[in-house]
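Worksheet for the structure shown next.
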Protein chains: 4
Amino acid sequence: MNIAMLGSGFIGRFYADSIQGYRSKDKIVSIYSRKEESAKKFAADYKVAFVATSMEEAIARPEVQVVCIALPNNLHEEAVMLCCKHKKAVITTKPLGRNAAEAERMLIAVEKAGIFNGYLEDLVYTPKFIKANDSVKKGALGRILWAKSRETHPGPHSDWFWDIEQAGGGCILDLGCHCVEITRSYIGKDIKPIEVMCWADTQVKPIDAEDHAIGLIKYENGAIAQFEVSWTFRGGMDLRDEVAGTDGTIWINNFLRTGFEMFTAGGKKGYVAEKAETEKGWLFPVGDEVTELGYNHMFADMFNSFDGKKNPMEGFYDGYIVNEIMDACYRSAKSKKWEPVDLKVWRGLEKAAPISGVREYDKDHLFVKEEILPDGRTKIILKEKKTGRIIQKEK
Amino acid sequence: MNIAMLGSGFIGRFYADSIQGYRSKDKIVSIYSRKEESAKKFAADYKVAFVATSMEEAIARPEVQVVCIALPNNLHEEAVMLCCKHKKAVITTKPLGRNAAEAERMLIAVEKAGIFNGYLEDLVYTPKFIKANDSVKKGALGRILWAKSRETHPGPHSDWFWDIEQAGGGCILDLGCHCVEITRSYIGKDIKPIEVMCWADTQVKPIDAEDHAIGLIKYENGAIAQFEVSWTFRGGMDLRDEVAGTDGTIWINNFLRTGFEMFTAGGKKGYVAEKAETEKGWLFPVGDEVTELGYNHMFADMFNSFDGKKNPMEGFYDGYIVNEIMDACYRSAKSKKWEPVDLKVWRGLEKAAPISGVREYDKDHLFVKEEILPDGRTKIILKEKKTGRIIQKEK
Amino acid sequence: MNIAMLGSGFIGRFYADSIQGYRSKDKIVSIYSRKEESAKKFAADYKVAFVATSMEEAIARPEVQVVCIALPNNLHEEAVMLCCKHKKAVITTKPLGRNAAEAERMLIAVEKAGIFNGYLEDLVYTPKFIKANDSVKKGALGRILWAKSRETHPGPHSDWFWDIEQAGGGCILDLGCHCVEITRSYIGKDIKPIEVMCWADTQVKPIDAEDHAIGLIKYENGAIAQFEVSWTFRGGMDLRDEVAGTDGTIWINNFLRTGFEMFTAGGKKGYVAEKAETEKGWLFPVGDEVTELGYNHMFADMFNSFDGKKNPMEGFYDGYIVNEIMDACYRSAKSKKWEPVDLKVWRGLEKAAPISGVREYDKDHLFVKEEILPDGRTKIILKEKKTGRIIQKEK
Amino acid sequence: MNIAMLGSGFIGRFYADSIQGYRSKDKIVSIYSRKEESAKKFAADYKVAFVATSMEEAIARPEVQVVCIALPNNLHEEAVMLCCKHKKAVITTKPLGRNAAEAERMLIAVEKAGIFNGYLEDLVYTPKFIKANDSVKKGALGRILWAKSRETHPGPHSDWFWDIEQAGGGCILDLGCHCVEITRSYIGKDIKPIEVMCWADTQVKPIDAEDHAIGLIKYENGAIAQFEVSWTFRGGMDLRDEVAGTDGTIWINNFLRTGFEMFTAGGKKGYVAEKAETEKGWLFPVGDEVTELGYNHMFADMFNSFDGKKNPMEGFYDGYIVNEIMDACYRSAKSKKWEPVDLKVWRGLEKAAPISGVREYDKDHLFVKEEILPDGRTKIILKEKKTGRIIQKEK
């Protein structure tokens, strides 16, 4: 695959490490950056043949098959439109747009142009998520009741994230987009998100956007999603997801506790892990960030789908849904009420059956609970169907 | 100390194990249960001299110094009033009342009677919480921004919990009371809780009360508390607390991951731990539940305070505040809006200073963020005071 | 219980915190220290009535029921002999002697004097060990094949530990005594330890004794124990035990990973936990060290046994066995061969049956192994009884 | 890269998943298996053009650039000799030989033939090991004192492993080869292994080889390596490595605790993870086994080295060293003494400087220890250079 990379910053480099990593047959053939120096350094580091400070030039090259957008949020729409113009397949970093209106325009444009489109939501491509969601889909947890995703760290690495005009928002837009798609995937991408409740505040940082937010998303079948996002967290990059159903639960720690623990009294200078805060004492590095953060599986899905003329797991449509949910969150944070998710485009189930976990015990009773007591007896709690009374007995 | 125990069920027995455990000088001298057989068994097991099926008789005994209420929620008020009548010191299990009105009446009654009163909120007495909160109070985490407490399990062990009339509510009342007081303690018991937002639903169990709820509590200084409570969780008893401030974070796992891991292919029958669900495979027992759940430190504080004529760490006043917050949660779950906490009694700060974490970098700039990049460079992000512009530079 | 405490240092204070902790009815009534100032400070802190700089005076007081030895290793024998002379019950800190000869003399003396004797091996009284060993004894792990105990930290807190004359040895004697008794308890205190292999070296510290050692202890039934001890470890106090049998395993982390994790950027000065090395970054405090290290359960067993005229779980006999095993370790470290454990006193089984885990599959085959393969097939591996051939088939 | 795969079993398939995974440009072009059916199934699953039941035919194909040996241990030498004959680059699974004599013959043969040779020791290519060893080499732990590797599970998946003739040994040869190379890499591949002590027994399985072993390897500079290997472990596949130095420690859990925890009451049938033992209760899957077990980084190093005409990180020479160390272990298990490692080929340092951690405190004292006490005082322990006396003082 021949790729044009738009953007030579932190995320562009992470993408390049993945795309050209291991024994890859894929190649970045064109690099665009606003700053020539940065583009040239990128080209030298990743052996890229063509360097451009014009976005359109980088895209239009005949050898380019797929354009990968790794730009600040405010430049996504312009880049996507150029891909439509030149009929190039396009994959774009998260979030798709700064808001749902932008995302919707991009979705309509790529579909009208008939080009392959992928949404680079890496955190639903982590090896752990893929296996966990596979278990969920096979029913290992029963019916899903709740999914939660937490992404907090001490704040992003580039200036533009902190500027509400370029970024479009604060930590909800930067981190919440991951959480929304992770929890939506666990609950089921076919199930309609109905309404949201969100608290957001600027507790610490001298910025206009929120630096801390907590949100709830109610789905049509009664399942509930939860996110916790923050740029105020101290201690590294905290990426933890959980999902619970009628029959079980999954806990994932993607970054800070992965079975790799190091104590060093010495404190050798250098990079430990993304957003690590110390170089001394107990540290928790990640083996291979590019893999653990999902990049390898994500690009494999994107390029294999392109080769196979299929849709990737995550497309612009998904990015659009995520933007609509986040827009509703911003409205709720202001109105202090639950706010409906206003989906102009919806391709899932029109009417989802309610999750309902009530279990029959025998013909006269519903099952409530069974527990072994410290003295070894087993107590069972039931509801009488006729009277509605709760009773208990020993088993 | 001579104690009258009211209630001979699960919690009464746990309390007795703690009160008469180790090398204790304290003694249960009187036991009340509605069921004579249960009272007699309790008396035999714990060598209690006096057995009663009349609550008042159990309380009124002259040798009784402290009455310990371990009864269903709907019987707390009656028991407290009898203690007031007989001028006996009283300590009562959580929650104080089924609602704030009950709690307020109890608070007023004990204070009018001038009797010692203690609120048995064990989870702010766990060894981990005590040490963690001590670190928080000493400033190890800076200013507290967020505190969260999660208590979920597959549902309570006795029938009355599941009956909304006797219990007064579902998992919010049963489990949320812990979470509210844990997070309130981290944020500061002097800081006024202002308003709450709560989602509650009955997702699985055939009952009238909620079996799953998530809530947010906003404090006057801008700090936010969060609770997650459920009777639908599968996997054991999940008690996890977290707190984060401008300078750090604490993560506590009280029950399911405490450094004790066991795999057994055999599955010998018997009690593993409170609300454990399996007897085979990987199990996570707790060393000494009575200690780990805080009972030992709690009763030590209660009885030492009584001896020393001081107030214990947790009194009826605290129980009342918790009930008011939970009442607001129930209102919010219905109204789908943030609801004010309506405190008729408040003894903390009248006006708390807002937490504010903005840090000056130099005379022209505010500090936003510093990060080491994968290539070893250190980037620093600042806000220009004059222009409000976000800039970045290498250090 | 009225206790005379001999020694007012680190360990004496830990013991006092435990003995007089919670709601204890026990009381230290007499304190001995070589240094008057230290004895007086101890007496003031713990409200001890009688202060002595003569060991015998402290012991001989008529109100003293039990003498607790918390002295350097080289003073144990003298103190024990004085207890024999005055017919006082005696409990002594670990190790019992500096070597088996000392330990044997003490054992013979207390038995001849007919006095109650307890060996303060706290780490077989931790709440985790007690519950784990209870599971082992109930058969949850099947037949025990291997037990391992690791105790490493950056070195002891008092000068005398580092002096081979006073201490009698290095980290084997200081830490190995714990490991030996933990693993012996898991394997079965009735099973005879037969021979040992030990590596020991002085890798880091400027001392005459060993600062790092690894040992193996073979038991008569074929079970194997393993210890890892060191004063060179960096990162805090690492206390981890494991035990494995034919049906399962238990992993215990007593100190560094107990479900309590703290990140602090601030680094407030002060005590974090025993042998913690940093005050900044990720820290792992322990909720209540006195409980977690086993002191509370240990003293409860000691004093309850004394009251009930029973032997405690750990007596001088156990201390003697441990010293014999350690002596053999020191011999092996020099000879570079397995060395026999030379028990002059043995009260366990004279002939233990060999553990043997071979399981019959059907009348023609012995069971070797069953495994689910990545493609979902289940493969079973068997040994033909007649031919001895290993075969595999799908299930 | 065009690869001939010899062997179509469990390990051959794992290798193929890695070699042709993600977006790889590498291709298996020839597959050999003794069983035609198995070879054909492999060819179908991995789209391999050429199928052979003759080893030589599979190797000799002109399009083959590299031969990958994934055969039982007793067939390695034959396969290597054929590669020499046909001058094909060869990479072989672990262990290199059934013993050092086989390994030495293979080493001499490939060097004489002048062919590229790689040793597929995957566990020094896991993402965690690579990063950990990088930290070690940069000095984050100071001078390395001790390294330990544990690999235990309930036994291998194929019949031939259990047959001592085909396998050459038991769990030492199967699992110990990993542990030896992991610990040797941490200590330094330039440092000569001098002597070993090993305990080995057949505790559970009805086989001739050992099913449980523990070994120590002493290096010339005084560092010590430790391995624990077993086919009797219950609970899954336990892969844990540790390394400690004068300034720190690293703990790695490769498989059973990687931040992925699942509870399922349901127990859906199917593959959870390599050597998982249950399908119910708490399970600990691994995100992506092929990555976590090091296959991806291993083949990338092999093929990139071949392309770049460099030696890979692990070659036949390393495999030979490992075999020599294991041979010494088998001798020690019989002789019950430390046995020398008898290296006929050695390419590291001829004389390594002893590790020595003694630190000067001031001109008159050596540093022993510093510790914060529970009462907040800081105690420092020193050795007087002149007198050799250990002293302590407050800081």
key: Part-to-part distance (alpha-carbon centres) for the range A:199-238 and the range D:315-342, which is given in Å   = 57 Å
inquiry  = Return the chain B residue and its Cβ-to-axis distance, rounded to the nearest Å, for the rotation relating B to A.
reply    = B:LYS337, 3
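Residues of the protein assembly as shown: accessible area per residue at 1.4 Å, in Å²? Write down the numbers at each step before the final one.
Numbers: 53020 Å² over 1580 residues.
With all protein chains present, the protein assembly as shown gives 34 Å² per residue.
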message = Quick check on chain C: of the DSSP beta bridges with both residues there, what percent are antiparallel, nearest 5%?
response = 65 percent
inquiry  = When a/c reaches 1.5 or more, the comparison of a/b and b/c decides; with that in mind, is the range A:142-295 rounded, prolate or oblate per its Cα gyration tensor?
reply    = oblate
key: Global size of chain A as Cα Rg and Dmax, reported in angstrom   = 23.4, 78
message = Between 0 and 90 degrees, rounded to the nearest ten: what's the tilt of helix B:36-46 against the longest Cα principal axis of chain B?
response = 70 degrees
key: Theoretical FRET efficiency, 1/(1+(r/R0)^6), r = Cβ-Cβ of D:ALA44 and D:GLU78, R0 30 Å, to 0.05   = 0.70
Karplus-derived HN-Hα couplings along the range C:23-32 (A = 6.51, B = -1.76, C = 1.60, θ = phi - 60°), whole Hz, x at Gly and Pro = 10, 5, 8, 8, 8, 7, 10, 8, 10, 10
ask   = For labels at B:LYS280 and B:LYS85 in the simple 7 Å Cα→Cβ model, what's the distance in nm?
value = 5.4 nm
query = Rounded to the nearest 5, what % of the DSSP beta bridges within the range B:139-236 are antiparallel ones?
reply = 70 percent
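Expressed as a whole percent, how much of the Cα-Cα distance distribution for the range A:300-395 exceeds 17 Å? Please report the intermediate quantities before stating the final value.
Details: 3336 of 4560 pairs.
The proportion of pairs with Cα distances above 17 Å equals 73 percent.
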request  = For A:ARG105, place a label point 7 Å out from Cα along the Cα→Cβ vector, do the same in each other copy, and report the separations in nm, one decimal, smallest first.
outcome  = 6.3, 7.5, 9.4
query = Where the centre of each part is set by its Cα atoms, how far does the range C:37-57 sit from the range A:58-110, in angstrom?
reply = 80 Å
message = I need the trypsin sites (Lys or Arg not before Pro) found in the range A:188-276, filtered to DSSP loop residues with at most 14 other beta carbons within 10 Å of theirs.
response = A:LYS269
message = Checking the a/c ratio against 1.5 first, then a/b against b/c, what shape does the Cα gyration tensor give for the range A:201-291?
response = oblate
request  = Label the protein assembly as shown by shape, choosing from rounded, prolate and oblate, from the square roots a ≥ b ≥ c of the eigenvalues of the Cα gyration tensor; if a/c is under 1.5 it is rounded, and otherwise prolate applies when a/b is larger than b/c, oblate when it is not.
outcome  = oblate
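If you count, for every residue in B:383-391, the Cβ atoms of partner chains within 10 Å of its Cβ, what is the mean? All intermediate terms of the calculation are to be shown ahead of the outcome.
On the way: counts 6, 0, 1, 0, 0, 4, 3, 12, 2.
Shielding by partners across B:383-391 averages 3.
Which order do peptides C:171-178, C:44-51, B:14-21 fall in by mean Cβ count within 10 Å, highest first?
Values: C:171-178: 26.5, C:44-51: 15.4, B:14-21: 21.5.
Output ranking for C:171-178, C:44-51, B:14-21: C:171-178, B:14-21, C:44-51.
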remark   = Over the range A:242-364, the quotient of the Cα radius of gyration and 2.2 N^0.38 Å is 1.61
ask   = Considering only the label points, 7 Å along Cα→Cβ from Cα, what distances in nm to one decimal separate C:GLN166 from the same position in each other copy, shortest first?
value = 6.3, 6.3, 6.4
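Calculate the mean, over all residues of peptide C:334-343, of how many other protein chain Cβ atoms lie within 10 angstrom of the residue's Cβ.
Average neighbour count from other chains, rounded to a whole number: 2.
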remark   = Once amide hydrogens are built 1.01 Å from N within the peptide plane, the residues lying 5 or more places from B:TYR361 or on another chain with amide H under 5 Å from its amide H are B:LEU366, B:PHE367
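Stretch A:ASP307-A:LYS344 to full length: gain in nm at 0.36 nm per residue minus the Cα-Cα span? Present the calculation step by step, with values, prior to reporting the outcome.
Values: separation 37, 0.36 × 37 = 13.32 nm, distance 3.05 nm.
Result for the pair: 10.3 nm of gain on full extension.
Could you work out the mean projected area of the convex hull around the alpha carbons of the range A:33-122, in square nanometres to one decimal?
Seen from a random direction, the Cα hull of the range A:33-122 projects 5.8 nm² on average.
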note = Semi-axes of the range A:77-142 from the Cα gyration tensor (sqrt of 5 times each eigenvalue, largest first, whole Å) come to 30, 12, 11
query = Residue by residue, what Karplus-based ³J(HN,Hα) values in Hz, rounded to whole numbers, does the range B:75-80 have, using 6.51, -1.76 and 1.60 with θ = phi - 60° and x for Gly and Pro?
reply = 9, 4, 5, 4, 5, 4
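Count the DSSP beta bridges whose two residues both fall in the protein assembly as shown, then state the antiparallel fraction as a percent rounded to the nearest 5. Intermediate results must be reported in sequence, preceding the final value.
Details: 222 of 330 bridges.
Restricted to the protein assembly as shown, the bridges split so that about 65 percent are antiparallel.
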ask   = Percent relative contact order of the range A:21-128, based on C-alpha pairs within less than 8 angstrom and at least six residues apart?
value = 20 percent
inquiry  = Under 5 Å between amide hydrogens, which residues at least 5 positions from C:HIS212 or on another chain qualify, with H placed 1.01 Å from N in the peptide plane?
reply    = C:CYS171, C:ASP201, C:GLN203, C:TRP231
note = Taking the range D:126-229, the whole-percent share of alpha-carbon pairs separated by over 23 angstrom is 34 percent
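If you take each beta carbon of peptide C:292-304 and count the beta carbons of other chains within 10 angstrom, what is the mean?
On the way: counts 7, 0, 1, 0, 6, 5, 0, 2, 4, 0, 1, 2, 2.
Mean number of neighbouring Cβ atoms from other chains: 2.
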note = Relative contact order as a percentage, chain B, C-alpha pairs under 8 Å and 6+ apart, gives 16 percent
ask   = Using a 4.7 Å Cβ cut-off, which Cys residues in chain A lack a partner cysteine?
value = A:CYS68, A:CYS83, A:CYS84, A:CYS171, A:CYS177, A:CYS179
request  = Please determine, in degrees from 0 to 90 and to the nearest 10, the orientation of helix B:10-19 with respect to the longest principal axis defined by the Cα atoms of chain B, where the helix direction is its Cα long axis.
outcome  = 90 degrees
note = Counting sequence-distant residues (5 or more places) and residues on other chains, those with an amide H built under 5 Å from that of D:GLU195 are D:LYS218, D:VAL341
request  = List the distances, in nm to one decimal, from the label point of C:LYS336 to the label points of the same position in every other copy, shortest first, placing each label point 7 Å from Cα along the Cα-to-Cβ direction.
outcome  = 1.8, 8.0, 8.1
message = How tilted is helix A:127-137 with respect to the longest principal axis of chain A? Cα atoms for both, answer in degrees (0 to 90, nearest 10).
response = 40 degrees
inquiry  = Given bins 5 angstrom wide, list per bin the percent of all Cα-Cα distances in the range D:1-151, short to long.
reply    = 2, 9, 18, 19, 17, 13, 10, 7, 3, 2, 0
inquiry  = I need the phi-derived Karplus couplings for the range C:65-70: 6.51 cos²θ - 1.76 cosθ + 1.60, θ = phi - 60°, integer Hz, Gly and Pro marked x.
reply    = 9, 10, 9, 10, 8, 10
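The values are calculated or read from the model by the stated rules, or taken from the named source; none is laboratory data. These figures come from a predicted structure and were not determined experimentally. Glycine gets a Cβ as well: all are built from the backbone with ideal geometry, and neighbour counts include every protein chain shown. SASA here: full protein model, heavy atoms, side chains in, ligands and nucleic acids out. Shrake-Rupley method; radii C 1.70, N 1.55, O 1.52, S 1.80 Å.
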